[in-house]
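This report refers to the structure that appears directly beneath it.
The values are calculated or read from the model by the stated rules, or taken from the named source; none is laboratory data. Treat the numbers as computed from the prediction; the structure is a model and nothing was measured. Ideal geometry is used to build each Cβ from the backbone, glycine not excepted, and the neighbour counts take in all protein chains shown.
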Amino acid sequence: METRANYALIGLFTLAVITAGFLFVYWFSGGQNANSRYTYKVAFTGSVSGLGPGSLVTFNGIRVGEVRAVSFDPENPRLVIATIDISRDVQIRKDTRALLDVQIVSGVGSVALVGGSVDSQVVKPCPDPDCTIRAERSDFQDILESARNVARRANEVAEKLTVIIDQNQAAIDDTIQNINRFSKALGDNSDGVNRFLSSVGPAADQVKALAGSLDGIAREIDAKQVRDIVANADKFTAALGNSSANVQKTVDNVASITAKINKASDQVEGVLKAVQSFLGSTNGQGAVDAITQAANSIRQLAQNLDKRTAEITAGLNRFTGSGLGEVRNLTVDSQRTLGEINRTLRSINQNPQQFIFGAKPSIPQFNGRQ
């Protein structure tokens, strides 16, 4: 009897342990009365890497439940629906925010519920149709998205660089060879480089001394004199601008004089031809001296005219106001002189012998009946 009683006690103890184990597992797995927890759904946009059944649910950093299931939204495949069970003590309101919180080191994800004002409306749990909470993008999701974009752009840049390198392989090889030659030449002339670097210090000292001297000179300059010079330059510029019409008129007169000189040169050429014809005659030898003197006179007259024209050109940069009147007088005199030259040249062209031997006396005519 005692042996059978021991077997019975052992069996009862074993059953008690197994029952306690089941109860512990049931308690540890969250198997509680349906009235002890609320069920909500959280809709995520994008990737929910690290989130799965059994993941933690926190409210303001405190664990309040866990994720029961993760699935796609049948109406919108872009949405991921996480079904969560949380404690009845937690009140989910309209302004409560849901985020995906991922541990960077371990990569384990969890649902983080944040905030909610007292005045906001309470969200009823499932099976109420409005029990879904729209999750916001978390910092981790933004980082992942940015990393993907950076990786994609880096890949594009790498592909473009590969194409550029392939297309310019010869130029790159030449550049590398030039760098090698330059470095070799630099190594061969290391002594000269050292001398150059050693001379940089004294040169810098000289530049510093020169800068000090320039600073002293700048301080010695009278600011009032500089202002006076600038004011005078402004006055001169204004006067020159006011006299622009007179300057243009003077330039036009000079151009007219030049045109007349060119015309006179053509007449001189005709005179020279007539003189050459005359010199071919029997009386030409005696007229050489007279023609030479006339040519010298004309040359001297042209030189004087050149001097006067040069004076006109030089005076254009100095005259203002009264100087224009002098230029006008000079222009009138030049025109008068050119008129005299033109008349003289026409007279010579019409009768060269008269220019050499003088005007013929008028011969009186007598009537034959005398």
- [ ] List every residue pair whose Cβ atoms lie under 6 Å apart, where the two residues are 6 or more positions apart in sequence or sit on different chains, the first residue falls within segment 59-86 and is in the same structural domain as Pro127 (by TED's automatic domain parsing), and the second residue, located anywhere, is among the aromatic types (Phe, Trp, Tyr).
- [x] Val80/Phe44; Ile84/Tyr40; Ile86/Tyr38
Open item on the list: With the structure loaded, tell me whether Gly52 is in the same structural domain as Leu99 (by TED's automatic domain parsing), farther than 18 Å from Gly107 by Cα and of a type in the set (Gly, Ala, Ser) or whether it fails that test.
Closed with: no
Task: Single match in Gly50, Gly46 (criterion: touching a strand residue (DSSP E or B) at 6+ places or on another chain (Cβ under 6 Å), closer than 30 Å to Asn76 by Cα and at pLDDT below 85) - done: Gly50
Task: Tabulated pairs, segment 114-137, first closer than 16 Å to Ser87 by Cβ and in contact (Cβ under 8 Å) with a residue 24 or more places away in the chain, second charged (D, E, K, R) and part of a loop (DSSP other than H, G, I, E, B), C-beta under 7 angstrom, 6+ apart or interchain - done: Gly116/Asp95; Val123/Lys94; Val123/Asp130; Cys131/Lys124
- [ ] Among the candidates Ile143, Ile164, Ile104, single out the residue that is touching a helix residue (DSSP H, G or I) at 6+ places or on another chain (Cβ under 9 Å) and over 16 Å from Val57 (Cβ atoms).
- [x] Ile104
